[in-house]
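Asks: Supplied in structure tokens, the structure appears directly below.
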Amino acid sequence: MKSKEELYEKYIKPSLSDARRRSNKDTEYTYFSLNPTTKTIGKGKYYYIETYGCQGNEADSETMAGILEAIGFKKASKIEESDIIILNTCAIRENAENRAWGELGRLKSFKRNNPDLIIGFAGCMPQEEKTIKRLLEKYPHIDIVFGTHNIDKLPIYVEEAMFNKERVIEVYSKEGGIVDRLPKSRNHQYKAWVNIMFGCDEFCTYCIVPYTRGKERSRKKEDIIEEVKKLVNDGYQEITLLGQNVNAYGKDIKNSDYTFGDLLNDLAKTKIPRIRFTTSHPHDLDQKTMDAIQNNDNVMPFFHLPVQSGSNTILKKMNRHYTREEYIDVVKRLKEAVPGISITTDIIVGFPNESEEDFQDTLSLVDECQFEGAFTFIFSPREGTPAATFDDSINPMIKKERLRILNKKINDLYLKGNKRFVNEIVLVLVDGPSKNDETILSGYTEHNKLVNFKGDAKMIGKIVEVRIVEARTWFLIGEQIEKN
Ligand code: SF4
């Protein structure tokens with residue numbers, strides 16, 4: 001009788017030590033191709049994808065959807081109707097993981113009602129050794145498990161699960177290559193995610209991403225420009241360029257000095273009305289990028305620049321590669337290069353042994369930079385990262401109190417940042433009816449401010465002029481400009 005270990009032998013499982021490795025090897029580029037045997041396996045069947053976490057995962061879910069549609073599946077309007085359900089997971093914080101485990105438990109009854117249902121588990125969680133161990137021990141009803149490096153293999157995995165009733169667990173811990181020209185089924189008609197690079201080499205001590213997403217590797221500029229030109233032809237109004245550290249674009253391509261600023265200039269020439277990008281790292285932000293924002297009207301005057309802490313002691317322990325002084329100087333240069341730019345950030349409070357003085361340094365940096373918003377978090381230890389092993393004697397109640405104090409300050413700055421647009425006429429890309437009131441339209445300005453205003457539904461998907469009449473903490477209230 002084979003032991004569990006022998007049974008599990010056949011599965012390709014993640015390895016943290018492999019995931020840590022970085023070499024100087026060139027990135028391998030390939031193009032997606034569909035295995036002919038899989039072309040119609042999804043005919044008459046429906047798929048449902050649940051996405052957790054960041055924009056990178058949303059973009060990956062659009063790729064999974066594109067691949068499933070390429071093999072015949074259609075999108076289910078509700079989860080109960082689906083023949084395949086994929087959870088595309090996030091490992092950045094504990095609560096994101098707990099929600100996915102909770103959902104996996106809920107899906108057990110779906111499988112009982114429909115034994116042919118295929119359940120897939122993807123994204124960053126499968127890249128963690130502890131996840132695979134728990135899946136193997138406690139979740140026998142999961143059919144397909146794959147990670148961030150092999151989304152393009154989905155047709156084969158579906159075929160395996162569907163016809164051979166074989167469970168597939170295939171997760172690679174590697175630096176990774178790039179599979180380009182993957183099919184996409186986008187969730188939005190006029191705003192699109194465009195990956196420009198994958199992975200991260202920064203190794204911030206609290207972050208699991210370098211282990212789950214591999215090394216920093218840039219897509220070829222030709223493939224990116226071609227994708228954006230197609231989006232322009234299809235009537236898209238806005239693209240958001242995605243990467244863990246977009247400012248490092250091109251730095252991994254040998255014998256090339258083509259970097260992020262050059263890419264912005266080239267994409268601006270496609271005449272796409274709006275270009276946004278996320279996420280940036282201060283130490284790779286160069287003057288060429290700042291100039292590209294200043295010199296191109298269709299590169300939006302909005303910049304998300306995570307700082308994480310204002311204390312040099314904590315920044316060092318986080319391995320962020322810059323000091324508070326250097327960060328403040330980058331913000332100063334950005335505001336000089338692009339007057340009126342809106343800057344937001346990410347901040348972690350309660351990092352192991354963060355002193356009251358460290359926290360005060362964070363508050364004073366926020367005052368100095370005058371951010372117009374921030375995502376704020378309490379430190380969440382991630383197994384496998386260095387910071388998860390750091391001594392920490394700070395009482396959780398103190399961490400909660402620091403988050404409350406920081407959020408109060410950030411909310412005041414949100415409102416202050418919104419107030420500067422009162423009585424101004426702004427350009428809004430209308431997304432649709434506002435969440436809380438069908439008769440009200442909502443959309444974002446060039447500075448990424450949410451605006452609600454009364455308007456005609458014909459405006460949805462268009463960039464329109466709106467006069468701002470009032471500022472609230474989270475959004476602006478506007479009125480439509482009547483065209484003569
Ligand atoms: S820059 Fe740091 S925080 Fe951001 S993805 Fe990379 S390792 Fe994580």
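Asks: In the structure shown, do any of Lys269/Lys332; Lys130/Lys251; Lys108/Lys153; Lys153/Lys230; Lys184/Lys254 have a Cα-Cα gap over 31 Å, and if so which?
Replies: Table pairs above 31 Å Cα-Cα are Lys130/Lys251.
Asks: Still on this model: Per the Cauchy relation, a quarter of the hull surface: what is the mean projected area of the convex hull of the alpha carbons in region 95-218, in nm²?
Replies: So the mean shadow area of the Cα hull is 9.4 nm².
Asks: Using only Cα atoms, what is the ratio of the radius of gyration of region 192-320 to 2.2 N^0.38 Å?
Replies: Normalised Cα radius of gyration, region 192-320: 1.08.
Asks: I'd like to check one number: the per residue accessible area of region 136-184, probe 1.4 Å, reported in Å² as a whole number.
Replies: Spelled out: the 1.4 Å probe surface of region 136-184, per residue, equals 40 Å².
Asks: Turning to a different aspect of this structure: Considering the dipole of region 386-441 built from charges on the beta carbon (Lys and Arg +1, Asp and Glu -1) around the Cα centre, which of Thr439, Met397, Pro386 is farthest to its positive end?
Replies: Final value for the positive-end residue is Met397.
Asks: For Asp266 paired with Gln294, estimate the spin-label separation in nm (one decimal), with each label point 7 Å from Cα along the Cα-to-Cβ line.
Replies: According to this spin-label approximation, the distance is 2.3 nm.
Asks: Putting +1 on Lys and Arg Cβ atoms and -1 on Asp and Glu Cβ atoms, find which of Pro36, Ile71, Ser3 reaches farthest to the positive end of the dipole of region 1-110.
Replies: Ser3
Asks: Rounded to the nearest percent, how much of the accessible area of region 418-472 (1.4 Å probe, protein heavy atoms only) is carbon and sulfur?
Replies: For region 418-472, the apolar C and S fraction of the accessible surface comes to 50 percent.
Asks: How large is the accessible surface of Ser256 in square angstrom, using a 1.4 angstrom probe and rounding to the nearest 10?
Replies: Accessible surface of Ser256 is approximately 50 Å².
Asks: On to the next question. Given only helices, namely DSSP H runs of n ≥ 4 each adding -39500 (n - 2.57), what is the per-residue ellipticity at 222 nm of the chain, to the nearest 500 deg cm²/dmol?
Replies: It comes out at -10000 deg cm²/dmol, rounded to the nearest 500.
Asks: Leaving ligands and nucleic acids out of the surface, order Glu28, Glu128 by accessible area at 1.4 Å, largest first.
Replies: Glu28, Glu128
Asks: Roughly how tilted is helix 55-70, in degrees to the nearest 10 and between 0 and 90, from the longest Cα axis of the chain?
Replies: 40 degrees
Asks: Over its Cα atoms, what ratio of radius of gyration to 2.2 N^0.38 Å does region 259-320 give?
Replies: For region 259-320, the normalised Cα radius of gyration is 1.34.
Asks: Compare the peptides 383-392, 193-202 by average per-residue count of other Cβ atoms within 10 angstrom and give them in order, highest first.
Replies: 193-202, 383-392
Asks: Could I ask something else about it? So, by mean Cβ neighbours within 10 angstrom, what's the order for 236-247, 216-227 with the highest one leading?
Replies: Highest mean packing first, the order is 236-247, 216-227.
Asks: Give me the orientation-averaged projected area of the Cα convex hull of region 343-484, in nm², one decimal.
Replies: Spelled out: convex hull of the Cα atoms, projected over all directions, averaged, 10.8 nm².
Asks: Sticking with this one: Of the accessible area of region 102-167, with the probe set at 1.4 angstrom, what percent is carbon plus sulfur?
Replies: Reported share for carbon and sulfur atoms: 50 percent.
Asks: Let me ask something else about it. Against the longest principal axis of the chain, how steep is helix 396-419, in degrees 0 to 90 to the nearest 10, with axes from Cα atoms?
Replies: Taking Cα atoms only, the helix is inclined about 50 degrees.
Asks: Right, next: Once a ≥ b ≥ c are taken as the square roots of the eigenvalues of the Cα gyration tensor of region 20-59, is the result rounded (a/c under 1.5), prolate (a/b larger than b/c) or oblate (a/b not larger than b/c)?
Replies: In terms of gyration-tensor shape, oblate.
Asks: Compute from the Cα atoms of region 1-113 the Rg and the Dmax, the latter being the longest Cα-Cα distance, and quote both in angstrom.
Replies: 17.6, 50
Asks: With just the Cα atoms defining each centre, how far is region 346-394 from region 13-91? Give it in Å.
Replies: For region 346-394 versus region 13-91, the Cα centre distance is 33 Å.
Asks: Throw me the Rg/Rh for region 99-151, computed over C-alpha atoms with Kirkwood Rh, two decimals.
Replies: Checking Rg against Rh, the ratio lands at 0.96.
Asks: First check a/c for region 155-247, with a ≥ b ≥ c the square roots of the eigenvalues of its C-alpha gyration tensor; if it is under 1.5, answer rounded, and if not, answer prolate when a/b is larger than b/c or oblate otherwise.
Replies: oblate
Asks: Nearest 20 debye, what's the magnitude of the dipole of the chain about its Cα centre given +1 on Lys and Arg Cβ and -1 on Asp and Glu Cβ?
Replies: My answer is approximately 920 debye.
Asks: Between the alpha-carbon centers of region 316-344 and region 209-267, tell me the distance in whole angstrom.
Replies: After rounding, the separation between the Cα centres reads 22 Å.
Asks: What does the charge add up to near Arg420, with Lys and Arg as +1, Asp and Glu as -1, over the other residues with Cβ less than 15 Å from its Cβ?
Replies: Summing Lys/Arg as +1 and Asp/Glu as -1 gives +1.
Asks: Mind checking the dipole of region 318-476: about its Cα centre, +1 per Lys or Arg Cβ, -1 per Asp or Glu Cβ, Debye to the nearest 20?
Replies: I would put it at about 640 debye.
Asks: What does the highest-first list of 169-177, 459-467 look like by mean Cβ count within 10 Å?
Replies: Final packing ranking: 169-177, 459-467.
Asks: In addition: Which of the cysteines found in the chain have nothing to pair with, since no other Cys Cβ lies under 4.7 Å from theirs?
Replies: Taking the Cβ cut-off of 4.7 Å, the unpaired cysteines of the chain are Cys54, Cys90, Cys124, Cys200, Cys369.
Asks: Evaluate the relative contact order of region 95-221 (contact order divided by residue number), counting alpha-carbon pairs under 8 angstrom at least 6 apart; express in whole percent.
Replies: The normalised contact order for region 95-221 reaches 21 percent.
Asks: Right, here's the next one. Name the residue from Gly461, Gln480, Val158 whose Cα lies farthest towards the positive end of the charge dipole of the chain, charges +1 on Cβ of Lys and Arg and -1 on Cβ of Asp and Glu.
Replies: Val158
Asks: Moving on. With axes computed from alpha carbons, what is the tilt in degrees of helix 129-138 against the longest principal axis of the chain, rounded to the nearest 10 within 0 to 90?
Replies: 50 degrees
Asks: What's the tally of Lys pairs in region 1-92 whose alpha-carbon atoms lie under 16 angstrom apart, where the two lysines are 8 or more places apart or on different chains?
Replies: Lysine pair count for region 1-92: 8.
Asks: Inverting the mean 1/r over all pairs of different Cα atoms, compute the Kirkwood radius of the chain and quote it in Å.
Replies: 24.1 Å
Asks: With each pseudo-label sitting 7 Å past Cα toward Cβ, what's the Ser15-Glu69 distance in nm, one decimal?
Replies: 3.9 nm
The values are calculated or read from the model by the stated rules, or taken from the named source; none is laboratory data. Owing to the predicted nature of the structure, the values given are computational and were not obtained by experimental measurement. Glycine gets a Cβ as well: all are built from the backbone with ideal geometry, and neighbour counts include every protein chain shown. Remember, those area values only see protein heavy atoms, side chains included, never the ligands or the DNA or RNA. Shrake-Rupley method; radii C 1.70, N 1.55, O 1.52, S 1.80 Å.
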